[in-house]
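See below for the structure under consideration.
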Amino acid sequence: MIRHEALIGRLEAACDRLGERVLGEMYADPFWRERFGERADKHGRQDNRFHVQYLQQALADDDPAVIANYARWLQQVLTARGMCTLHLAENFERLAVAVADERWPDGQAAVDLLQAAKAALAYPDGLAGEVQRRADTIVLAAAVTLSTAGEDEPLPVAELATLVSYCADALALTSPRALADHATWLAGYLERRGVPRSRLVRRLDAIRAAIEQLLPGEPAIAELFDAALPAAWGERFSG
């Protein structure tokens, strides 16, 4: 007898409803439709279905490694396609909250597995892991730098955290282009909303300074921002 058979059935019955809730929360941020267009709906629903399927399999096997391995595989796929690890972590977190809100008798087992999936997104070592583990410190230092420089807007903590996640992913992918491509898109996205490119450049500069303060003398860090900063100004990446 499968230990969590009833919970697996509940997840199957609620899969579409859970997915719609998660997507509704995600799409409150216009980033998703702007960045991925019509694909956002299709792939968003598909990804949430896969999340639930792997969650069900992990429950059936009573093995957290099933969903942890899936999370790490999906991280590699999605970060190479324009998302960042923080986006995926937020997706797992939203799904965990949605499951918890169902108040199923054994629902905590599913919540725990989704938290394991989120934890599996931590890079184990190298510069990517260092940047990811120190993300809060980097964000705070960058926010203080921007505030000290006279930024007249509230401290952009969420925006900075997302940019730092893109930095860690680009390092993990050993691809400065990954950050440069995002900077190119983000600068255009902000510009269409009346936000000058200089704002993004200031944020990238502040993040670079914070990372280099913690991890001085790393050529990969310099290479990353030497590609991203010109891209934010609108120059074509040539690396």
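Structure data summary
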{"item": "Inter-residue pairs, beta-carbon under 7 Å, first at pLDDT 95 or above and in region 118-129, second in a helix (DSSP H, G or I) and aromatic (Phe, Trp, Tyr), 6+ apart", "result": "118/92"}
{"item": "Whichever residue in region 94-106 is touching a residue at least 24 places away in the same chain (Cβ under 8 Å) and buried (at least 18 other Cβ atoms within 10 Å of the Cβ) and, among such residues, is farthest from residue 211 (Cα to Cα)", "result": "99"}
{"item": "Meets criteria (under 21 Å from the mean Cα position of the chain (by Cα), of a type outside the set (Asp, Glu) and either surrounded by 17 or more Cβ atoms within 10 Å (Cβ to Cβ) or modelled with pLDDT of 90 or more (or both)) for residue 37", "result": "no"}
{"item": "Selection within region 220-231 - surrounded by fewer than 18 Cβ atoms within 10 Å (Cβ to Cβ), under 19 Å from residue 172 (Cα atoms) and not charged (D, E, K, R)", "result": "220, 222"}
{"item": "Meets criteria (more than 13 Å from the chain's Cα centre (by Cα), of a type in the set (Lys, Arg) and in the same structural domain as residue 15 (by TED's automatic domain parsing)) for residue 81", "result": "no"}
{"item": "Candidates 12, 93 - the one that is modelled with pLDDT of 95 or more and closer than 17 Å to residue 115 by Cα", "result": "93"}
{"item": "Selection count, region 184-219, where residues are surrounded by fewer than 17 Cβ atoms within 10 Å (Cβ to Cβ) and either within 21 Å of the chain's Cα centre (by Cα) or hydroxyl-bearing (Ser, Thr, Tyr) (or both)", "result": "5"}
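Residues are listed down the side, and each one gets a yes or a no for (1) farther than 30 Å from residue 74 by Cα; (2) aliphatic (A, V, I, L, M); (3) assigned by TED's automatic domain parsing to the domain that holds residue 87; (4) free of Cβ contacts under 8 Å to residues at least 12 places away in the same chain:
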position: 132; (1), (2), (3), (4): no, no, no, no
position: 157; (1), (2), (3), (4): no, yes, no, no
position: 160; (1), (2), (3), (4): no, yes, no, no
position: 164; (1), (2), (3), (4): no, yes, no, no
position: 169; (1), (2), (3), (4): no, no, no, no
position: 199; (1), (2), (3), (4): yes, no, no, yes
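The values are calculated or read from the model by the stated rules, or taken from the named source; none is laboratory data. Just so we're clear, the structure is a prediction, and the values are computed from it rather than from any experiment. Note that each Cβ is placed from the backbone with ideal geometry, even for glycine, and that neighbours are counted across all protein chains shown.
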